[in-house]
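See below for the structure under consideration.
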Amino acid sequence: MTTEQIANRLVELCRSGQFDQCYHELFHQNAVAHEMEGVPNGVTKGVDALLAKSKAFAEDMVEMHDFSVSDPVIAPGFFCVNMMIDLTKKSDGRQRAEELCLYQVKEGKIVAERFFYEM
């Protein structure tokens, strides 16, 4: 898949709520996720760890009130999207978050993702 195809598929899956399918279908087995600097356990390595992180997030969620993802902005080997989520969590109550998500693609798979948001 090209970077543009991967970007469009990620947006399609996210908009339909198939978040884990993104990891199964689009990510390299050794992909790395980077949260903002200073976030505890801010680096996650490997699809299995990314799926475990996603599962923990879902288990902490009480209700998702709203979610959106922008169309991708694509450059050679990279793409980014803006994501917004309004949710109620067991641990923190209701919160709204918006972030810029940057993805790096090599050889037809996402190899890295970085998230940028207000702390």
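The values are calculated or read from the model by the stated rules, or taken from the named source; none is laboratory data. No experiment lies behind these values; they were computed from the predicted model shown. When we count neighbours, we look across all protein chains shown, and the Cβ atoms used for this are built from the backbone with ideal geometry, even at glycine. When the accessible area is computed, the model is the full protein with side chains, heavy atoms only, and any ligands, DNA or RNA have been set aside. Shrake-Rupley method; radii C 1.70, N 1.55, O 1.52, S 1.80 Å.
Listed highest first by mean packing, meaning other Cβ atoms within 10 Å per residue, what order do 35-41, 25-31 come in?
Result, highest mean first: 25-31, 35-41.
Out of the total accessible area of the chain (probe 1.4 Å, heavy atoms of protein only), what percent is carbon and sulfur?
51
Protein chains only, probe 1.4 Å: how do Met83, Met64 rank by accessible area, largest first?
In descending accessible area the options line up as Met64, Met83.
Once fully extended, how much extra length lies between Glu107 and Ser68, figured as 0.36 nm per residue of separation less the alpha-carbon to alpha-carbon distance?
11.3 nm
Could you state the accessible area per residue of region 56-103 in Å², with a 1.4 Å probe and every protein chain left in place?
58
Under the classification rounded if a/c is under 1.5, otherwise prolate if a/b is larger than b/c and oblate if not, where does region 33-98 fall, given a ≥ b ≥ c as square roots of the Cα gyration tensor eigenvalues?
Here region 33-98 falls in the oblate category.
Provide the solvent-accessible area of Lys106, counting protein heavy atoms only and rolling a 1.4 Å probe, rounded to the nearest 10 Å².
110
Rounded to the nearest 0.05, what FRET efficiency is calculated for Phe57 and Glu12 with R0 set to 22 Å and r the Cβ-Cβ distance?
Efficiency computed from Cβ-Cβ geometry: 0.60.
Ignoring ligands, DNA and RNA, how do Ser16, Ser70 rank by accessible area with a 1.4 Å probe, largest first?
Ser16, Ser70
Under a cut-off of 18 Å between alpha-carbon atoms, report the lysines in cross-link reach of Lys109, not counting same-chain residues fewer than 8 places apart.
Correct list for Lys109: Lys45.
Any chance you could list the semi-axes, whole Å, largest first, of the equivalent ellipsoid that the Cα gyration tensor gives for the chain, using √(5λ)?
Equivalent-ellipsoid dimensions as semi-axes: 23, 16, 14 Å.
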